[in-house]
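The values are calculated or read from the model by the stated rules, or taken from the named source; none is laboratory data. Keep in mind the model is a prediction, meaning the values are calculated, not measured. Don't worry about glycine lacking a Cβ; one is built from the backbone with ideal geometry, like all the others, and counts go over all protein chains shown.
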Amino acid sequence: MFKLTLFSEKTKSLNYNEEYGMSDHKSDWDLNDGLAIEEAKPKLKSPKKYKVVLLNDDYTPMEFVVQILSKFFRLNQEQATQIMLMVHTKGEAVCGEFNYQIAETKVEQVNDYSRQHQHPLMCTMEEA
Ligand code: TYC
């Protein structure tokens, strides 16, 4: 897609001078009558995604982590157990990808719930 830009008188004369100064290089912007054609940038960017990450610690019981994963991330028992074991063995694992607000809410819910139950479990987020 293309868009047409109409330059002001001032911009027109600037472009004109520049063209003469650098005779071997004619910029894409130099066009007749102050009109330039350029590729239109897409107006809508898809919103950034964020990974919600669960971190390992030595104290939180495995069953509690599985419970968290099924309660807040709607994972079934098998998926929740797999992710819990991944965190346990690798140090961390991604529980899901969400838009900023949802990711922020999940992190808050997990950390609040863990504190309410006196567990040190930590949940964080990072740009995907
Ligand atoms: N490492 C913990 C244990 O041995 C289990 C655990 C798993 C803790 C995942 C946190 O995010 C975590 N009891």
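Results, tabulated for the structure shown:
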{"item": "Subset of the range 100-125 [loosely packed, with under 15 Cβ neighbours inside 10 Å and of a type in the set (Phe, Trp, Tyr)]", "result": "100"}
{"item": "Candidate set from the range 55-91 (those that are outside any loop (DSSP other than H, G, I, E, B), surrounded by 17 or more Cβ atoms within 10 Å (Cβ to Cβ) and in contact (Cβ under 8 Å) with a residue 40 or more places away in the chain); member that is nearest to the ligand (Cβ to nearest atom)", "result": "65"}
{"item": "Residue 97 vs. criteria within 23 Å of the chain's Cα centre (by Cα), of a type in the set (Asp, Glu) and either surrounded by 14 or more Cβ atoms within 10 Å (Cβ to Cβ) or in the same structural domain as residue 55 (by TED's automatic domain parsing) (or both)", "result": "yes"}
{"item": "Every pair of residues 6+ apart whose Cβ atoms lie under 7 Å, when the first sits in the range 99-128 and is within 16 Å of residue 66 (Cα to Cα) while the second is more than 14 Å from the ligand (Cβ to nearest atom) and not in a loop (DSSP other than H, G, I, E, B)", "result": "106/98; 107/125"}
{"item": "Close pairs from the range 39-53: first touching a residue at least 40 places away in the same chain (Cβ under 8 Å), partner basic (Lys, Arg), Cβ under 6 Å, at least 6 apart", "result": "52/106"}
{"item": "Candidate set from the range 92-128 (those that are among the hydrophobic types (A, V, I, L, M, F, W, C) and assigned to a loop (DSSP other than H, G, I, E, B)); member that is farthest from the ligand (Cβ to nearest atom)", "result": "128"}
{"item": "Boolean, residue 41 is out of contact with any Ser or Thr (no Cβ under 9 Å at 6 or more places or on another chain) and outside any helix (DSSP H, G or I)", "result": "yes"}
